[in-house]
Amino acid sequence: MPRRHAHLEMWLDLPPGEDADHIGADEVIDELNAAADQSVRHPSYARRPGRAAVHNLFATGFAFSGNLISAGGQFDVIGDQVTEWPWQYFDGADPTGAFGRFRDKAYAVRA
């Protein structure tokens with residue numbers, strides 16, 4: 001399992017408080033950024049069918065970690081191609097709403 005997935009899975013398994021401490025830790029944010037730099041932000045990255053899920057995954061990881069600048073970059077790429085997974089981790093009843101709320105937060109940081 002790629003580490004970017006592992007961090008979200010660990011976030012799910014940890015009790016409240018510990019989950020935010022884990023996903024917001026500097027070393028986790030560094031690993032998420034390194035993974036993005038080697039994949040979706042790499043100059044040779046080729047957008048392929050199914051890419052929306054990958055960008056939604058990175059956006060989720062960045063948004064949950066508090067790295068809203070990096071999340072915003074993924075939201076730019078996603079456009080209107082929101083996927084229910086992995087946003088249902090935050091709001092199982094309304095994953096699209098969770099996506100919108102985090103996107104709004106990320107874009108507000110830019111303003």
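This table checks each residue for (1) more than 13 Å from the chain's Cα centre (by Cα); (2) part of a loop (DSSP other than H, G, I, E, B).
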| residue | (1), (2) |
| --- | --- |
| Gly72 | no, no |
| Asp76 | no, no |
| Val82 | no, yes |
| Pro86 | no, no |
| Tyr89 | no, yes |
| Ala93 | yes, yes |
| Gly97 | yes, no |
| Phe102 | no, no |
| Ala108 | yes, no |
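Under the condition of being within 17 Å of Ala52 (Cβ to Cβ) and modelled with pLDDT of 95 or more, which residue from region 85-97 is surrounded by the most Cβ atoms within 10 Å (Cβ to Cβ)?
Ranking the candidates gives Pro95 first.
Are any of the residues in region 64-75 farther than 21 Å from Val28 by Cβ and either touching a Cys at 6+ places or on another chain (Cβ under 6 Å) or at pLDDT below 95 (or both)?
no
Run Gln38 past the list (1) more than 11 Å from the chain's Cα centre (by Cα); (2) in contact (Cβ under 8 Å) with a residue 12 or more places away in the chain and report the number of the one that doesn't hold.
Of the numbered conditions (1) more than 11 Å from the chain's Cα centre (by Cα); (2) in contact (Cβ under 8 Å) with a residue 12 or more places away in the chain, the odd one out for Gln38 is (2).
How about region 1-27: which of its residues are surrounded by 13 or more Cβ atoms within 10 Å (Cβ to Cβ), modelled with pLDDT of 70 or more and closer than 18 Å to Asn56 by Cβ?
Once the filter is applied, which keeps residues that are surrounded by 13 or more Cβ atoms within 10 Å (Cβ to Cβ), modelled with pLDDT of 70 or more and closer than 18 Å to Asn56 by Cβ, region 1-27 yields only Ile23.
The values are calculated or read from the model by the stated rules, or taken from the named source; none is laboratory data. Everything numeric here is computed off the predicted structure, so don't read it as measured data. Quick reminder, even Gly has a Cβ in these numbers, built from the backbone with ideal geometry, and neighbours come from all protein chains shown.
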